[in-house]
């Protein structure tokens, strides 16, 4: 940050790993996966598809289309795209929703609530669909931008999401702060768009909020 935390007009938060403790969530989900596939060993290949999906999406630069990513995973794994899609939907999107509350960063949620109470705009910019996760976390923002917005068609660290936000709001880069947990994704996205950034620790119990408290 190049100024005091309260001096910005628009705050753009990453979601995954920022609004909740991603290592904790992954521990919970790993436990669920182990229990499930211990009882269904004939479906163990699905774990490889999940791992492949995460790796491909993390390095994907061609577009934000999840269908394209799923096709790439299916082709590389010689699997049915419908199977890949079903496995991803269950274990990446649906099942984790019930675990999000226990992994939520309640202090950061309170910061968001205070910002909005002060009349500040708070947006989400995520590489994953945001609506259901925000509802599960109980976090309210002014607007969420995610891969469903065809104008962006790119994943971070591309700055396209921030550029679309600036176009929609008319707020200049100098008045925006990007808050995330990954310097190589959120930090680089902000840098490329000329926006200030604040990168938080991935483990929420290690985060220091001194510089963003009232």
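For the reader, a short list of remarks on this structure follows.
- As a proxy for reagent exposure, ranking 20, 145 by other Cβ atoms within 10 Å from fewest up yields 145, 20.
- The Rg/Rh ratio for the chain is 0.98, where Rg is the radius of gyration of the alpha carbons and Rh is the Kirkwood radius.
- MRE, 222 nm, helices only [DSSP H, n ≥ 4, -39500 (n - 2.57), over the chain, to nearest 500]: -12500 deg cm²/dmol
Each reported figure results from applying straightforward, stated rules to the coordinates on display, with no laboratory input. No experiment lies behind these values; they were computed from the predicted model shown. Backbone-built Cβ (ideal geometry, glycine too); neighbour counts: all protein chains shown.
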